[in-house]
Amino acid sequence: MPILAADLGGTKLSLGLFSNDIELLHKEKVLLKNCTGREVGRLICDHVSAMIHTQAAQHYHIESIGIAIPGIYSESRGTVWAPNIPGWENYPLLEELKSIVPDIPVVISNDRACYITAEIEKGIALNCTDAVFVAVGTGIGAGIVSGGKMLVGANDISGAIGWMALERPFNEKYASCGCFESIASGQGIVKLAIEFIQSHPEYDGKLKAISSDLLSTRDVFDAHGQGDIIAREVIQRCIVVWGMALANIVSMLNPQMVIFGGGVFGPAAKWLPEIEAEARKWAQPVSMKYVTVAATSLGSDAGLYGAACIAFQKIKSSTVL
């Protein structure tokens, strides 16, 4: 019997069917297209329902559903806070899903926890007891496993490293998403590029020809590859900040492995040696000596694999009970 997994991001929804061995059987992707609030909830419910009915028509019964969300999930209330989805300050996602699938177990978790679960169960961190997944996409977060246990914190907020303080003095732009995220997330890279363009009136490169409301992270990466001076300045700034964040994680947690993933890594994975070199300047030297720094082995499917893993864990725990 298959497992249904969904990974909600800031711009898209991915869905997948998995075997009980957590092998991906089928995948779909749906763009959010600026959907907000209940539109996003309805999008998830509609596509989950459609996949369930498609499987039922083929005489397959979905055994469990796992959902990865980009923010904070309150298990006690069944609600989601997702800052990159307008209208999701206290969204009742579990209630909506259970209204369409009352007889199927549903498990919801934040995407960063799903990412590290996937890497430990099926990816590059196989069997690690101490590992961190740094997810850099629309926002920034970290999934943390220490001593074989997921760190969740007193209010399920552990791993919100987008708020890591890496520069001084404080700037008001950090208030909405944090210092680290405002500089080196996907959105942060674009904002940084716009700031640099505006502060260099003599600049007449590729990025200046793109309207600020249309500029994307991919544009910055493409311009960097073509030697654009602003793009190079932006990426170098990000490499330093990514390296400082890596150093803080290594010094604080002494992990066996730190894995970078998300939509930005991807393209930014080629700079991991430079990021690691920057981290070595700042980190506790013994911890840094023994950590392995790597890019995700599961690519853009890490969230889906993690959602499938937590769904399968639900099945196993129910069987034991």
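Summary table below
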| quantity | calculated |
| --- | --- |
| Most mobile of Gly178, Gly87, Gly143 in a GNM of the chain (Cα contacts under 10 Å) | Gly87 |
| Cα Rg, Dmax (largest Cα-Cα span) when computed across the range 163-321, Å | 18.4, 68 |
| Charge tally in the Cβ shell below 11 Å around Ile140, where Lys, Arg are +1 and Asp, Glu are -1, Ile140 excluded | 0 |
| Sulfur and carbon atoms: percent of accessible area, the range 216-321 [1.4 Å] | 55 percent |
| Around Ile72: net Lys/Arg minus Asp/Glu count, Cβ-Cβ under 13 Å | -2 |
| Distance in nm between pseudo-label sites at Asn171 and Ile315 (7 Å out along the Cβ direction from Cα) | 4.8 nm |
| Percentage, to the nearest whole number, of Cα pairs in the chain over 37 Å apart | 17 percent |
| Nearest-10 value in Å² for the accessible area of Leu151, using the 1.4 Å probe | 70 Å² |
| The range 1-154: antiparallel DSSP beta bridges as a percent of all, rounded to 5 | 70 percent |
| Length-normalised contact order for the chain - Cα pairs under 8 Å, 6+ apart - percent | 20 percent |
| Burial ranking of peptide ranges 180-189, 18-27 (average Cβ count within 10 Å, highest at the top) | 180-189, 18-27 |
| His53 accessible area, 1.4 Å probe, all protein chains in place, Å² to nearest 10 | 120 Å² |
| Per-residue HN-Hα couplings for the range 51-59 [Karplus 6.51, -1.76, 1.60; θ = phi - 60°; Hz; x = Gly/Pro] | 5, 5, 5, 4, 5, 5, 5, 9, 6 |
| Area projected by the alpha carbon convex hull of the range 31-162, averaged over all directions, nm² | 9.0 nm² |
| Fraction of accessible area attributable to carbon and sulfur, the range 1-132 (%, probe 1.4 Å) | 50 percent |
| For the range 157-230: relative contact order, % (alpha-carbon pairs under 8 angstrom, 6 or more apart) | 24 percent |
| Gain on full stretching of the segment that runs from Ile210 to Gln236 - 0.36 nm per residue minus C-alpha separation | 7.3 nm |
| Reference-scaled alpha-carbon Rg (2.2 N^0.38 Å with N residues) for the range 232-288 | 1.08 |
| Residue-normalised accessible area of the chain, expressed per residue, 1.4 Å probe, Å² | 47 Å² |
| Cβ-based charge dipole, the range 157-268, positive-most Cα from Ala184, Ile259, Val234 | Ile259 |
| Estimated dipole of the range 82-158 in Debye, rounded to 20 [Cβ of Lys and Arg +1, of Asp and Glu -1, Cα centre] | 180 debye |
| Summed residue charge, Cβ within 13 Å of His47's Cβ, Lys/Arg positive, Asp/Glu negative | -1 |
| Fully extended contour minus Cα-Cα distance, from Glu75 to Gln198, at 0.36 nm per residue | 39.9 nm |
| Estimated FRET transfer efficiency (Thr54, Asn34; beta-carbon r; R0 25 Å; 0.05) | 0.40 |
| Vicinal HN-Hα couplings computed from phi for the range 97-108 (Karplus, 6.51 cos²θ - 1.76 cosθ + 1.60; Hz; Gly/Pro x) | 5, 5, 5, 9, 9, x, 9, 10, x, 10, 10, 10 |
| Two-decimal Rg to Rh for the range 1-64 - Kirkwood Rh, Cα set | 1.00 |
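The values are calculated or read from the model by the stated rules, or taken from the named source; none is laboratory data. Here the structure is a predicted model, which is why all the values come from computation and not from measurement. FYI the Cβ positions are ideal-geometry reconstructions off the backbone, even for glycines, and counts take in every protein chain you see. Heads up: the accessible areas ignore ligands, DNA and RNA and are worked out on the full protein's heavy atoms, side chains in. Shrake-Rupley method; radii C 1.70, N 1.55, O 1.52, S 1.80 Å.
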